[in-house]
Amino acid sequence: MGRLLEEVLHEGRRVAQEAEPRELLEEVSGQLVRTLRWATTPAVDVYERPGELVIVAEVPGAGPDDVSVRAGEDYVEVTVKLPRIREGEPRYRERVSGEVSRRIDLDVKIDPNGVKARCGNGLLTIRAPKVEETEVEVEPEEE
């Protein structure tokens, strides 16, 4: 993230020397928006349903072979290879391409062995069964 912020500042200084104030603001704010989007890609929503969590991630242009999902008891990590689309010379870019990943830390325990994922229509849907917390009363034995 530090490298990206450094690039934004460098680009801002370069544009500041060559641009009017309005152009400077538009260029630097656009670069900052792209940087922040890159830092939080892929965008995710997490839903809770009875017995499971459902995580929906944006993976535009990616197919099942481009996606990797890892799960632990309290997290899910998504890695995606987003394709670069070239339709000529770019004039303005916000879409991220290349390999991106995102770790989603969960506030409930899940069963990593039961996690299932489906990819289609630009979305990755992950279903993670929740682990029911159980409480057991233990009777002490006499020695």
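Readers should treat all values here as calculations from the given coordinates under stated rules, not as data from a laboratory. All values reported here derive from a predicted model rather than from experimental measurement. Glycine gets a Cβ as well: all are built from the backbone with ideal geometry, and neighbour counts include every protein chain shown.
For Val138, state whether it is of a type outside the set (D, E, K, R), more than 15 Å from Val46 (Cα to Cα) and in contact with a helix residue (DSSP H, G or I) (Cβ under 9 Å, 6 or more places away or on another chain). The answer is no for Val138.
Of all residues assigned to region 66-73, none qualifies as being out of contact with any Pro (no Cβ under 9 Å at 6 or more places or on another chain) and loosely packed, with under 11 Cβ neighbours inside 10 Å. Among all positions in region 64-71, there is no residue which is under 25 Å from Leu32 (Cα atoms) and part of a strand (DSSP E or B). Residues in region 89-128 that are in contact with a strand residue (DSSP E or B) (Cβ under 8 Å, 6 or more places away or on another chain), without any contact (Cβ under 8 Å) to a residue 60 or more places away in the chain and assigned to a strand (DSSP E or B): Gly98, Glu99, Ser101, Arg103, Asp105, Ile110, Lys116, Ala117, Arg118.
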